[in-house]
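Here is the structure we will look at, set down as structure tokens.
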Amino acid sequence: MLLDVDNIFMNFGGIAALKGISFSVPEGQVVSVIGPNGAGKTTLFNIVTGFQKPTAGQVRFAGSVVTGLLPHRIAKHGLIRTFQKTEVFPALTVMECVRIGLLNNFQPSLFSVLTGKAEVAAFVKNSVLEVADILEMVGLHSKSEYLAQELSYGEQRLLEIAVGLAARPRLLLLDEPSSGLNAEESSRFSTLVRRLQKQKITIVLVEHNMNVVMGVSDQIVVVHHGEKIAEGTPEAVSQNRDVIKAYLGRE
Ligand code: ATP
């Protein structure tokens, strides 16, 4: 397994937001975490990516325990995330934003520190092709010179994914990537996820749009009131009585 989330508990004062959640993500799969508002999905993402420390439990990534590491350390392991609220650099061009993602892969050697900027320059030069490939993949190649703030909301969401891809994820966690997208943009997003899957990038999605979830997921984990109530293929989960009850309030 690439990611193992093991018996995670999270208390905020008297609120038990997560009550012993466990699930695993195999390499190369798309796994969606779904659940009604307030179920604990974003808290789970925050714990996996080091933004919050769990009250108890362990997160293992590619064989290493990452629980409690700082977010940038976890990112260096190849565990990369996006946020529910879009986070781009408004005054930078699309290409510049993607280059910032690439910095996650830059490990200056002692030699570089001693001898100046040559290694940095080589890194930036070599990155040009990679940036072009990434922008092509997310469909923003024609906008590479635009400022991020000039993009539509849907395009900014794609740019956020492009920045994540530039960090060379082994696992990409996307927090409600299709929220605020119209039907056409959501369908473009689903196509992108399938394309990334073909590139062997493992993806975990928190998502409310069921068309997207059902269309792209290999596995679905359903969270309700901080507990996992079901997991399985889209077909199995959509017929699960506990899931129907949690979502529709009836059996
Ligand atoms: P949504 O789908 O609306 O984004 P979610 O499933 O992501 O919801 P969380 O945001 O993880 O849910 O919240 C889970 C529970 O934990 C909620 O009851 C929320 O109010 C509570 N919670 C989250 N963060 C905090 C915090 N920092 N302090 C106190 N309570 C919190």
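The values are calculated or read from the model by the stated rules, or taken from the named source; none is laboratory data. Keep in mind that what you see is a predicted model, and the values were worked out from it rather than measured. Positions of Cβ are generated from backbone atoms using ideal geometry, with glycine treated the same way; all protein chains shown enter the neighbour counts. Keep in mind that these areas ignore ligands, DNA and RNA; they rest on the heavy atoms of the full protein, side chains included. Shrake-Rupley method; radii C 1.70, N 1.55, O 1.52, S 1.80 Å.
Here are a few things to note about the model shown:
- Residue match in the stretch 6-22 (condition: surrounded by 16 or more Cβ atoms within 10 Å (Cβ to Cβ), outside any strand (DSSP E or B), within 11 Å of the ligand (Cβ to nearest atom) and touching a residue at least 24 places away in the same chain (Cβ under 8 Å)): no
- Sole exception among (1) open to solvent by 40 Å² or more (accessible area, probe 1.4 Å); (2) within 12 Å of V33 (Cα to Cα) for G232, by number: (1)
- So S32, is it in a strand (DSSP E or B) and under 14 Å from the mean Cα position of the chain (by Cα): yes
- Condition met for K41 (in contact (Cβ under 8 Å) with a residue 60 or more places away in the chain and within 16 Å of the ligand (Cβ to nearest atom)): yes
- Within the stretch 35-67, considering residues that are assigned to a strand (DSSP E or B) and not aromatic (F, W, Y), the one farthest from D4 (Cα to Cα): A56
- Residues in the stretch 216-228 that are open to solvent by 10 Å² or more (accessible area, probe 1.4 Å), in a strand (DSSP E or B) and within 13 Å of the ligand (Cβ to nearest atom): 3 in all.
- Enumeration of residues in the stretch 87-116 that are surrounded by fewer than 17 Cβ atoms within 10 Å (Cβ to Cβ), at pLDDT below 85 and either within 26 Å of I47 (Cβ to Cβ) or among the basic types (K, R) (or both): E87, L103, N105
- If you go through the stretch 190-212 and pick out every residue that is closer than 21 Å to M1 by Cα and under 16 Å from the mean Cα position of the chain (by Cα), you end up with 12.
- From the options K200, K245, residue that is open to solvent by 70 Å² or more (accessible area, probe 1.4 Å), within 28 Å of I74 (Cα to Cα) and not in a strand (DSSP E or B): K200
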